[in-house]
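The values are calculated or read from the model by the stated rules, or taken from the named source; none is laboratory data. Predicted model only: the values in this text are computed from it and were never measured. So basically every Cβ, Gly included, is an ideal-geometry build from the backbone, and we count neighbours across all protein chains shown. Just the protein is used for accessible areas: all its heavy atoms, side chains included, with ligands, DNA and RNA removed. Shrake-Rupley method; radii C 1.70, N 1.55, O 1.52, S 1.80 Å.
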Amino acid sequence: MRYHIAHTTTYTYDRPVSLLPHAVRLRPRSDVTQSLNHFTLQVEPTPLQVAENVDLDGNSTLKLWFAPEIETTHLAIAITSEVETHRDNPFLYLLEPWAIQLPFDYPTSLAQQLHPYLAGQLALGQAIDPIALQLAQEIHYQTAGNVISFLAELNQRIYQTCEYTIRETGEPLSPGITWSQKVGSCRDVTVLFMEVCRAIGLAARFVSGYQEGDPDTAEFHLHAWAEVYLPGAGWRGYDPTHGLAVGDRHIAVAASAIPSYAAPVTGAVRGNVRSELSYHLTLKRLD
């Protein structure tokens, strides 16, 4: 699939402010699952400098910094990109023989590499949420520990049980709250999915990006889903908001063990001001 994306994010402030450095994670990644064919960035007011970096998770991060003497009542960040996605069959892989049944007995070197993706409570080093642990145990019993069946059942369980809601801003809710309330945004149910995976010993990370959704819709939003590391298959995406294994209708931008490290825009201003966030997003399939 080939897609054209136009995405503008605007912050409006209640009085003139000086902008501190901002990090922008809106450049789609380019790997075996998708190719980035075109990308542009426009920022108003114009930054003093723009540097493109690769962060610890391998995400493309644009660092913006601004002249301190410039004050503004808004910050607008506009990107356009064209992406071609390649993963038309999300189940085309062969697991390692020891990774078919849960729990895994990871080789020591692999366990060390995956450690950040196995920690509980949004990878903050806390214990796994007990509600997520209970859900993991229930599904493990139901699926007899088969890893593919476990992930499929977890994905469907969250999709069928939790009502979808849109929350434009804010950190993801804790997994226990999302499952108890049976409602959440895409980032809320993604964090729930991750926590249940980690409870059973499956490494998982948070992904931000775009999803085609209903081709007839005129309204699009940033999206979030999870990727699970399956030995022999690498990182594989699961979207509990839609109950889907991730294929060629998802466009990944950034991924991290910690959701906030995949946020599309982070930064600050000098002073204590009130701000409003608005954005406009179009996603068009080109073929």
Among 235-244, 10-19, what's the highest-first ranking by average C-beta atoms within 10 angstrom per residue? 235-244, 10-19
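At 1.4 Å probe size, with every protein chain present, just tell me what the per residue accessible area of the range 225-281 comes to in Å². Could the numbers behind the result be given before it?
Values: 2220 Å² over 57 residues.
That works out to 39 Å² for each residue.
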Apply the Karplus curve 6.51 cos²θ - 1.76 cosθ + 1.60, θ = phi - 60°, to the phi angles in the range 78-83 and return the couplings in whole Hz, x for Gly and Pro. 10, 10, 10, 8, 10, 10
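Return one whole number: the accessible area per residue of the range 55-135 in Å², for a 1.4 Å probe. Before the final figure, lay out the partial values.
On the way: 4630 Å² over 81 residues.
Each residue of the range 55-135 exposes 57 Å² on average to a 1.4 Å probe.
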Binning every alpha carbon pair distance of the range 158-241 at 10 Å from zero, what are the percents per bin? 18, 49, 28, 6
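Suppose every Lys and Arg Cβ carries +1 and every Asp and Glu Cβ carries -1, with no other charges. What dipole size does the range 71-207 come out with about its Cα centre, to the nearest 20 debye?
On the way: 7 positive and 14 negative charges, 52 e Å.
That gives a dipole near 240 debye.
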Taking max minus min of the Cα coordinates of the range 146-188 on each principal axis, largest first, gives extents in Å of 36, 17, 16
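Using the Kirkwood formula over every pair of different C-alpha atoms, what hydrodynamic radius in Å results for the range 4-159? All intermediate terms of the calculation are to be shown ahead of the outcome.
Working: mean 1/r = 0.0501 Å⁻¹.
Across the range 4-159, the inverse of the average 1/r is 20.0 Å.
Within 13 Å, Cβ to Cβ, of F66, how many net charges do the neighbouring residues add up to if Lys/Arg are +1 and Asp/Glu are -1?
Values: positive: K63, R270; negative: E44, E69, E71.
Cβ neighbours under 13 Å give a net charge of -1.
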So for the chain, taking the charge dipole from beta-carbon charges (+1 Lys/Arg, -1 Asp/Glu), which of T161, A245, A23 sits furthest toward the positive end? A23
Using label points projected 7 Å from each Cα along Cα→Cβ, tell me how many nm separate H4 and A144, to one decimal. 5.1 nm
Which percent of the accessible heavy-atom area of the chain goes to carbon and sulfur, probe 1.4 angstrom? 52 percent
nm² value of the averaged projected area, convex hull over the Cα atoms of the range 1-86: 6.0 nm²
Here are several values of volume of the Cα convex hull per residue in Å³: (i) 167; (ii) 179; (iii) 135. Which one was derived from the coordinates shown? (iii)
